[in-house]
Amino acid sequence: MRVEFPNGGDLKVGVLGGGRMGAGIAHAFLLVGSEVLVVERDREAADAAALRIRESVERSIERGTTHVSADELNAALRLGTDIARFADCDLVIEAVPEDRGLKTDALARIESVIAKTAMLASNTSSISIDALAVSLARPEQFLGLHFFNPVPASVLVEIVAGAATDPAVIAQARGWVEALGKTPIVVRDSPGFASSRLGLVLALEAIRMLDAGVASAEDIDTAMELGYRHPMGPLRTTDIVGLDVRLGIAEELHATLGERFAPPALLRQMVADGKLGRKSGEGFYRWDAT
């Protein structure tokens, strides 16, 4: 059953980047009846994104989390390589890697082709929304929509309001998130926002403890799971997020908030060795290739 979004009618959503996060965002909007366009850098990447999204959608159907057929969901998904195709979207979400320059360039290119009434969002987990808005002509239409990995299963979306973001846009974003069946929180633009800033403090200290031999990865995680009722420990969570992603966030917050966010040497070494967590098959834990 299609969801009526607060802006009236079905929302046409664009997503730039079809990696794990972009695919998850596309999946979430497809399940509530949105028409979704995912744009990737080339045809090979677009084909890979299509496969990723369709496999994810099929898993949702198998789990009974949607009663919409695979044919209908797949018909609502469009893939492409031309950013100009975002012209008819109501909302475009940038989901490229966590690099300030890359995101700034991507956002400016998206804004140049979308309608003046369209909303533009970044899925950044740590980079200042105000810093990303510097090159935009319409910063009042721009905000952060920080989805969490894995997007289909996660119930939280962090809405980040920049200094120039129109309050009406924030209100609209709340409606979008709630229509997805997720819970929105609104955060004023600040390094790391709320979730990444708090989560990173715990993760970095857990890595330092592991490196110092205080306890094993399993026991550090169990301490937080049983002692503080966290559903997952900080090291296993880091594996799921990606050690490279954690490192990027740590470097961003180290530069803006100081030494307490300095990346541990162990984290840097593991990333250099290609031990990125679940996506590479090994991080603080070993992961099944499937």
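Could you grab the pairs with beta carbons closer than 6 Å, sequence gap of 6+ or different chains, first residue in the range 73-100 and touching a residue at least 24 places away in the same chain (Cβ under 8 Å) and under 11 Å from residue 36 (Cα atoms), second one part of a loop (DSSP other than H, G, I, E, B) and open to solvent by 30 Å² or more (accessible area, probe 1.4 Å)?
As it stands, the answer is 86/113, since those pairs meet every condition given.
For residue 35, state whether it is open to solvent by 10 Å² or more (accessible area, probe 1.4 Å), touching a residue at least 24 places away in the same chain (Cβ under 8 Å) and not polar (S, T, N, Q). Working first, answer last.
Working: open to solvent by 10 Å² or more (accessible area, probe 1.4 Å): yes; touching a residue at least 24 places away in the same chain (Cβ under 8 Å): yes; not polar (S, T, N, Q): yes.
Spelling it out, residue 35 is indeed open to solvent by 10 Å² or more (accessible area, probe 1.4 Å), touching a residue at least 24 places away in the same chain (Cβ under 8 Å) and not polar (S, T, N, Q).
Going through 245, 271 one at a time, which residue ends up being hydrophobic (A, V, I, L, M, F, W, C) and in contact with a helix residue (DSSP H, G or I) (Cβ under 6 Å, 6 or more places away or on another chain)? Walk me through it before giving the result.
Working: 245 fails: in contact with a helix residue (DSSP H, G or I) (Cβ under 6 Å, 6 or more places away or on another chain).
The unique qualifying residue is 271.
Which of the residues spanning the range 70-87 are in contact with a Leu (Cβ under 9 Å, 6 or more places away or on another chain) and not in a helix (DSSP H, G or I)?
Here is the first cut: in the range 70-87, the residues in contact with a Leu (Cβ under 9 Å, 6 or more places away or on another chain) are 73-74, 76-80, 83, 85-86.
Result: 76, 77, 78, 79, 80.
Give all pairs with beta carbons closer than 9 Å in which a residue from the range 218-234 that is closer than 15 Å to residue 198 by Cβ meets a residue that is open to solvent by less than 50 Å² (accessible area, probe 1.4 Å) and outside any helix (DSSP H, G or I); count only pairs at least 6 apart in sequence or on separate chains.
Between residues of the range 218-234 that are closer than 15 Å to residue 198 by Cβ and residues that are open to solvent by less than 50 Å² (accessible area, probe 1.4 Å) and outside any helix (DSSP H, G or I), the close pairs are 224/233.
Within the range 101-116, can you find the residues that are under 16 Å from residue 90 (Cα atoms) and in contact with a Ser or Thr (Cβ under 7 Å, 6 or more places away or on another chain)?
107
Report, by residue number, each residue of the range 141-171 that is surrounded by 15 or more Cβ atoms within 10 Å (Cβ to Cβ), over 15 Å from residue 125 (Cα atoms) and out of contact with any strand residue (DSSP E or B) (no Cβ under 7 Å at 6 or more places or on another chain).
Listed by number, the residues that qualify are 152, 164, 166.
For the condition open to solvent by 30 Å² or more (accessible area, probe 1.4 Å), among the charged types (D, E, K, R) and farther than 18 Å from residue 123 by Cβ, what is the one hit in 197, 174, 229? Before the answer, list the steps.
On the way: 197 fails: farther than 18 Å from residue 123 by Cβ; 174 fails: farther than 18 Å from residue 123 by Cβ.
Result of the check over 197, 174, 229: 229.
Quickly run through the range 177-194 and pick out the residues that are surrounded by fewer than 20 Cβ atoms within 10 Å (Cβ to Cβ), over 24 Å from residue 134 (Cα atoms) and in contact with a helix residue (DSSP H, G or I) (Cβ under 7 Å, 6 or more places away or on another chain).
184
Would you mind finding the one in 241, 214 that is within 25 Å of residue 157 (Cα to Cα) and either open to solvent by 10 Å² or more (accessible area, probe 1.4 Å) or touching a residue at least 60 places away in the same chain (Cβ under 8 Å) (or both)?
On the way: 214 fails: within 25 Å of residue 157 (Cα to Cα).
The unique qualifying residue is 241.
Determine whether residue 16 is open to solvent by less than 70 Å² (accessible area, probe 1.4 Å), modelled with pLDDT of 95 or more and under 21 Å from residue 114 (Cβ atoms).
Working: open to solvent by less than 70 Å² (accessible area, probe 1.4 Å): yes; modelled with pLDDT of 95 or more: yes; under 21 Å from residue 114 (Cβ atoms): yes.
Taking the combined requirement at face value, the residue satisfies it.
Could you list, in sequence order, all residues of the range 69-99 that are polar (S, T, N, Q) and open to solvent by 50 Å² or more (accessible area, probe 1.4 Å)? Working first, answer last.
Going residue by residue through the range 69-99, those that are polar (S, T, N, Q) are 69, 74, 81.
Passing the criteria: 69, 81.
Among the residues of the range 49-66, write down those that are over 20 Å from residue 11 (Cβ atoms) and either within 18 Å of the chain's Cα centre (by Cα) or open to solvent by 50 Å² or more (accessible area, probe 1.4 Å) (or both). If you could, list the steps in order and put the result at the bottom.
As a first pass, look at the range 49-66 and keep what is over 20 Å from residue 11 (Cβ atoms): 50-52, 54-55, 58-59, 61-64.
Residues satisfying the conditions are 50, 51, 52, 54, 55, 58, 59, 61, 62, 63.
Checking residue 102 against (1) within 18 Å of the chain's Cα centre (by Cα); (2) within 27 Å of residue 238 (Cα to Cα); (3) buried (at least 17 other Cβ atoms within 10 Å of the Cβ): exactly one of these is not met. Which one?
In the conditions (1) within 18 Å of the chain's Cα centre (by Cα); (2) within 27 Å of residue 238 (Cα to Cα); (3) buried (at least 17 other Cβ atoms within 10 Å of the Cβ), residue 102 misses (3) alone.
Under the condition of being hydrophobic (A, V, I, L, M, F, W, C) and outside any helix (DSSP H, G or I), which residue from the range 36-69 is farthest from residue 109 (Cα to Cα)?
Looking only at the range 36-69, we keep the residues that are hydrophobic (A, V, I, L, M, F, W, C), and these are 36-39, 45-46, 48-51, 53, 57, 61, 68.
Okay, now just the ones that are also outside any helix (DSSP H, G or I), so 36-39, 68.
Numbers: 36: 19, 37: 16, 38: 15, 39: 12, 68: 34 Å.
My answer is 68.
The values are calculated or read from the model by the stated rules, or taken from the named source; none is laboratory data. The structure displayed is predicted, hence computed values, not measured ones. Cβ sites come from the backbone with ideal geometry, for glycine too, and all protein chains shown count toward neighbours. Just so you know, the surface numbers come from the protein's heavy atoms only, side chains and all, with ligands and any DNA or RNA stripped out. Shrake-Rupley method; radii C 1.70, N 1.55, O 1.52, S 1.80 Å.
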